[in-house]
Amino acid sequence: MPRIGVFVCWCGSNIAATVDIGQVTEAAAEMPHVVCVEDNKYTCSEPGQASIRQAIAQHGLDRVVVAACSPRMHENTFRKTISAAGLNPYLLEIANIREQCSWVHADRVAATAKAIDLVRMAVAKVAQHSALTSSTSPVTRRAMVIGGGIAGIQAALDIADAGHEVVVVERSPTLGGHMAQLDKTFPTLDCSACILTPKMVEVVQHPKITLYAYSEVEKVDGYVGSFKVTVRRKARSVDESKCTGCGACWEKCPVKVKSEFDLGLGTRKAIYVPFPQAVPAKATIDREHCIYYLRGRCRICERFCEAKAIVFDQQDEIINVEVGAIVVATGFQQFDQAAYGEYGYGEYPDVITGLEFERLVNASGPTEGKIKRPSDGKVPETVVFIKCVGSRDEHKGVPYCSRTCCMYTAKHAILTREKIHGSKVFIFYMDVRTPGKGYEEFYRRASEEDGARYLRGRVSRVYPKGGKMVVLGEDTLLGRKVIVEADLVVLASGMIAQPDAQEMARKLGVSYDQHGFLTEAHPKLRPVETNTAGIFLAGACQGPKDIPDTVAQACAAASKAAALLNREALEAEAMIACVDEARCSGCLWCEPVCPYKAISAKTISERVGRRTLTRSVAEVNPSLCHGCGACTVACRDSALNLLGFTNQQILAEVEAVCP
Amino acid sequence: MKALVLPASGAPGFAAEVSRLAGTDVQACYACGKCSAGCPVSASMDYQPHQIIRLVQLDQKDEVLSASAFWLCASCVTCSVRCPREVKLAQVMDALREISRRSGVAAGQPRIAAFYGSFLDLVRSGGRLHELGMTAMYKLRSRDLFGDIDLGVKLMLRGKLKLIPGRIKGRHHVAGIFRRVREHEAGEGGKR
C-alpha cells in the first residue's frame, strides 16, 4: 500500500488569498493512501523543504504530492528534496493550485473546490507512480562552431582555450564576417581589422581548432553530447595544403569581377582572396566567372602558381564530424534597401548603404579611404544619413529596432567630418537610441564636437536635381518641412536574418521567430541556449546585435558549451516513451511521428508453443527520446507509454475527478 | 510655413556666434522641450523657446532674428536652471537681442525696439526710470498714441505716474555702465 504525504503551499497570499488552505488539507487527509498532510507558508523555502524531508522519515512516506505552483517552477526543486530524503525523485506529483487555480479564479469557494479536485487527481496519479531511472550517454569532447564571423571566432577561441577541440565551419572563403568589412568600431573608434585580424590568425594557429572555410553544414544528426554533422567542403579548385597565398595567380588572372567584399564598389579577380588579410590566405577560383570553366582554356593561374596548387578538377568533399556541442553563429544580412523605392537605392548611385559607406571610408577599400561619391568620384560636401531604413517599419516586415544603426551612423558622421574638411552632415532620425557604455557620449560627440546636425523625422523622398540629391523630410521638432541638397545619401540599413536561417534552424532542430532569427530558450534566463540541448546561439543569428554584445554572447555560449563538454557523461531524460513489446504489432506508425528520430524497428524472437517466431517491434533510443509523447498518441495498440504519464496514471486522475 | 532648405538657407557660423556670445553651447540641446514647457511667457511667443534653439542650431539667422520670442523673454531663467543639458537659454535670448539690435533686424519688431530704446534712453539720462516720460517716448516712437490709454488713466488716478522725473545721486555711475557697454560692443564688433 502506498503511503502518500500531501504538502499544501500558501505561496504567501498568492494561493491562500483565493483558496481556503484549511479545507484543502482537511479534504486531502481523507483521500486514499494519504497518511500525512501539512501546509506551509512557502513550501519551496528551506524550512518548507525540511518539513517534507522530516515527514518522509517520520511517517515512512513513499510518495509525495506538493500542491503549489506550476511544475515548471519547482518540480525540480521538490524532486531534489525527496531524493535527499531517500525517495526516487519521480515518486512526486505537483498539483498546480496557483497558475491553474488561485491566479485565474476570483470565487474563493469554487477555487477551493477546484484546488481539492486538483489535489485528488495528483494523489490518485502518484499512487500509480513507480521509480524511474535515467540512462547516461557519453560526451564527445569536441565542439562545432557554425559561422566564422566575430561571434564564431570568439566562441571557438574560448572553447578551445577551455581545452576542448573545436571545428569551425565557415561558408565563405575566409573568416571575418561582417566585422572584416567595417572601418572603425564605435564607441572607441578602433580600427575594425586591427582588432579582428589577430583573432582570425589565432583561430588558424590554435592547436585545438580545425577550420573548414568555404564549407557548409549539410546535415545534423544525433543529440546532445553526440551530434553527427555532415560538412560539405566546397571545391576551391585550389589545394589548400599547397597554396601559399603568394598572390601570383590573382595578379595574372585576366578576369575582373565585382568584389562581394567591397559590395560591388571595387573589383576582384576570378581567382582571389576576398581581402588582403583573409584567413586562411588561400586562393579560391570563382567557377562562375573563370574563363577556364566557361570556355575550357586560359589556365594562366596554373602556369604562374609555383606551388602547383591549382586543381581544376577538384570536387566537393563530404566529411563527417562528431561533436558534443554546437554553437550557431551564422550572423545576419543587411536589409535590402531596394524595398524603399522612394529613397532610390539602386537607381541613383549616390544613394548608398551604411555598409557600402564602411567600404568607402576604409583605407583598404576601393577608394583607399577617400570618401568619394560613386557617380562621379567627387568628394561630397553635404552628406545626409537616413536612419531606420529597414528598421521599425512594420510595412516592410521589420517592426524591430536593429540596435546598431544609431551608433554606426554617429560614427559615420564623425568619420565624414574628420575626413572631409568643411563638410556638412545631416542625420534624419526617429529616435536616437544609445543604450551602451560610452554610447550616449559618443552620440553627443557626433552632434556637439563634430557638428552633425540631427533632424528628427523620417525622409519621404530622395531625388536627383542638378547634380545633387535632394532629400525631403520633416523636422518634427519644428513642425517644418526640410529640404536638404546633398551630394551623398547614406541609408542606415537594418539587420535581418540570413536568407537561409530557417533552413539552418530546421537542420539543427532549433526554433526561430517570425523574422527568422533563431530563438533562445528563455529571453532572460537562458539567453544563449536553444530549446535543443547542446545547441547554443552566439551573435546576430539570434537577433540584431553590435560587436560588444556579440562578443559577450559568444563568450557566454562558449562557456555553456565548455561546461557541457567538461562532463564525463550526460544523464538522459527519465520520463521517456517505452514499448510494451507484447502489445506492439510492429506497424511502426510511431516512427515517422517522432520528431527526435528516437524510434526504430528491432527484431525479437518469441517462443509460441514449441516454435520460436521472430517479428519486428518498435524500439525507443533513450538518449534521443525527449518524452514529448507524440508516439503514444500514434500507437494503435496502446503499446507505447510515456513513463511518468502512463495511460494508467492519466486514467487514474480522470477516475479521481469523475468517479 | 515654408520649408527649410539646408544647408542653403543657413548663415554659416550663426550658431557658433550665438554660443560664443551667450557663453553656452546651443548644440548641446537635444530638444526635450522642458524649457518651453516651463516658460511663463511662452504663450505669447511666436516661436517656443526650444524652437528658437533649434533654428539657431541650424544657422537659420534671418528667421530667428525676425521672431519676437527672444524679445518677450522675461529673463526669469527658469529654462536655464532646469535644462538637463545645461544650455543657458536665457543667455541665448540675451545674445539674440544683442545681435538683433546690432544688425538692425529688429526692424521686424519695431514696437519692441521702440520700447527697449525708450527705456534705455531714460535710464541713461536720469539714472532711473520715469514712467510718464517712458510712456510718452514710447508712444511717439511707436506712433501708437492711444493704445492702452485706459490703463494710463488708472495709473494716473492712483498717483502712480509722476509728472516730474526723479533723479538719483550716482548718475555718473550709470553713465559709466553705459559707456563700458558701448566700449565692449565696439570691441566685439572689431573682433568679428
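The values are calculated or read from the model by the stated rules, or taken from the named source; none is laboratory data. As the structure is a prediction and not an experimental result, all values here were calculated from the model. Neighbour counts are summed over all protein chains in view; Cβ atoms, including those assigned to glycine, are modelled from backbone coordinates with ideal geometry.
Quick rundown of the values:
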{"quantity": "Count of region B:79-94 residues which are farther than 16 Å from residue B:54 by Cβ and in a helix (DSSP H, G or I)", "calculated": "6"}
{"quantity": "Extreme residue, farthest from residue B:5 (Cα to Cα), among residues of region A:407-450 that are within 11 Å of chain B (Cβ to nearest Cβ), over 31 Å from the mean Cα position of the chain (by Cα) and part of a loop (DSSP other than H, G, I, E, B)", "calculated": "A:450"}
{"quantity": "Residue list for region B:11-56, filter: more than 20 Å from residue A:431 (Cα to Cα) and over 18 Å from the mean Cα position of the chain (by Cα)", "calculated": "B:11, B:12, B:13, B:16, B:25, B:37, B:38"}
{"quantity": "Failed criterion for residue A:102 (all others in (1) surrounded by fewer than 24 Cβ atoms within 10 Å (Cβ to Cβ); (2) among the small types (Gly, Ala, Ser); (3) farther than 30 Å from residue A:542 by Cβ hold)", "calculated": "(1)"}
{"quantity": "Unique match (being under 20 Å from residue A:644 (Cα atoms) and touching a strand residue (DSSP E or B) at 6+ places or on another chain (Cβ under 6 Å)) among A:59, A:33", "calculated": "A:33"}
{"quantity": "Residue satisfying all of: in region B:14-31; farther than 15 Å from residue A:447 by Cα and free of Cβ contacts under 8 Å to residues at least 60 places away in the same chain; farthest from the other protein chains (Cβ to nearest Cβ) among these", "calculated": "B:20"}
{"quantity": "Pair list, Cβ under 6 Å, 6 or more apart: region A:367-380 residue polar (S, T, N, Q), other residue part of a loop (DSSP other than H, G, I, E, B)", "calculated": "A:375/A:349; A:375/A:350"}
{"quantity": "For residue A:479: the one exception among (1) touching a residue at least 24 places away in the same chain (Cβ under 8 Å); (2) over 16 Å from residue A:373 (Cβ atoms); (3) small (Gly, Ala, Ser)", "calculated": "(1)"}
{"quantity": "Residues of region A:375-393 satisfying the condition of being out of contact with any helix residue (DSSP H, G or I) (no Cβ under 8 Å at 6 or more places or on another chain) and either among the hydroxyl-bearing types (Ser, Thr, Tyr) or away from every other protein chain (no Cβ under 14 Å) (or both)", "calculated": "A:375, A:376, A:377, A:378, A:379, A:382, A:392, A:393"}
{"quantity": "Any chance residue A:611 is at pLDDT 90 or above and either charged (D, E, K, R) or within 30 Å of residue A:154 (Cα to Cα) (or both)", "calculated": "yes"}
{"quantity": "Selection status of residue A:358, within 32 Å of the chain's Cα centre (by Cα), among the charged types (D, E, K, R) and within 26 Å of residue A:191 (Cβ to Cβ)", "calculated": "yes"}
{"quantity": "Which numbered condition residue A:558 fails, given (1) surrounded by 13 or more Cβ atoms within 10 Å (Cβ to Cβ); (2) free of Cβ contacts under 8 Å to residues at least 24 places away in the same chain", "calculated": "(2)"}
{"quantity": "Meets criteria (out of contact with any Asp or Glu (no Cβ under 6 Å at 6 or more places or on another chain), closer than 30 Å to residue A:569 by Cα and outside the structural domain of residue A:345 (by TED's automatic domain parsing)) for residue A:326", "calculated": "yes"}
{"quantity": "Region A:258-281, residues that are surrounded by fewer than 19 Cβ atoms within 10 Å (Cβ to Cβ), of a type in the set (D, E, K, R) and closer than 16 Å to residue A:374 by Cβ", "calculated": "A:258"}
{"quantity": "Residue, farthest from residue B:15 (Cα to Cα), within region B:32-51, restricted to residues that are among the polar types (S, T, N, Q) and at the interface with another protein chain (Cβ under 10 Å from one of its Cβ atoms)", "calculated": "B:48"}
{"quantity": "Hey, residue A:284 surrounded by fewer than 18 Cβ atoms within 10 Å (Cβ to Cβ) and either of a type in the set (D, E, K, R) or out of contact with any helix residue (DSSP H, G or I) (no Cβ under 9 Å at 6 or more places or on another chain) (or both) or not", "calculated": "no"}
{"quantity": "Candidate set: region B:57-74, residues that are of a type in the set (S, T, N, Q) and surrounded by 17 or more Cβ atoms within 10 Å (Cβ to Cβ); chosen: the one nearest to the other protein chains (Cβ to nearest Cβ)", "calculated": "B:57"}
{"quantity": "Odd one out for residue A:458 among (1) more than 30 Å from residue A:596 (Cα to Cα); (2) more than 14 Å from every other protein chain (Cβ to nearest Cβ); (3) modelled with pLDDT of 95 or more", "calculated": "(3)"}
{"quantity": "Region B:37-51, residues that are small (Gly, Ala, Ser) and touching a residue at least 40 places away in the same chain (Cβ under 8 Å)", "calculated": "B:38"}
{"quantity": "Hits in region A:481-506 (condition: charged (D, E, K, R) and surrounded by fewer than 21 Cβ atoms within 10 Å (Cβ to Cβ))", "calculated": "A:481, A:485, A:500, A:503, A:506"}
{"quantity": "Of the criteria (1) in a loop (DSSP other than H, G, I, E, B); (2) under 20 Å from residue A:477 (Cβ atoms), which one residue B:35 fails", "calculated": "(1)"}
{"quantity": "Within region A:463-536, strands (runs of 3 or more DSSP E) holding 2 or more residues that are more than 13 Å from chain B (Cβ to nearest Cβ) and not polar (S, T, N, Q)", "calculated": "A:488-493, A:495-497"}
{"quantity": "Strands (runs of 3 or more DSSP E) completely within region A:1-80 that count 1 or more residues being among the hydrophobic types (A, V, I, L, M, F, W, C) and surrounded by fewer than 20 Cβ atoms within 10 Å (Cβ to Cβ)", "calculated": "A:34-40"}
{"quantity": "Sole residue being among the aliphatic types (A, V, I, L, M) and under 28 Å from residue A:204 (Cα atoms), chosen from A:279, A:361, A:351", "calculated": "A:279"}
{"quantity": "Selected residue [within 14 Å of chain A (Cβ to nearest Cβ), farther than 26 Å from residue B:120 by Cα and either of a type in the set (Lys, Arg) or in contact (Cβ under 8 Å) with a residue 24 or more places away in the chain (or both)] from B:54, B:82", "calculated": "B:54"}
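Here is a yes/no grid of residues against (1) modelled with pLDDT of 95 or more; (2) crowded, with 17+ Cβ neighbours inside 10 Å:
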residue	(1), (2)
A:353	yes, yes
A:382	yes, yes
A:397	no, no
A:402	yes, yes
A:408	yes, yes
A:416	yes, yes
A:422	no, no
A:426	yes, yes
A:441	yes, no
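Okay, residues lined up against (1) surrounded by 21 or more Cβ atoms within 10 Å (Cβ to Cβ); (2) modelled with pLDDT of 95 or more; (3) of a type in the set (A, V, I, L, M, F, W, C):
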| site | (1), (2), (3) |
| --- | --- |
| B:2 | no, no, no |
| B:6 | yes, no, yes |
| B:15 | yes, yes, yes |
| B:18 | yes, yes, yes |
| B:22 | yes, yes, yes |
| B:28 | no, no, yes |
| B:33 | no, no, no |
| B:37 | no, no, yes |
| B:46 | no, no, no |
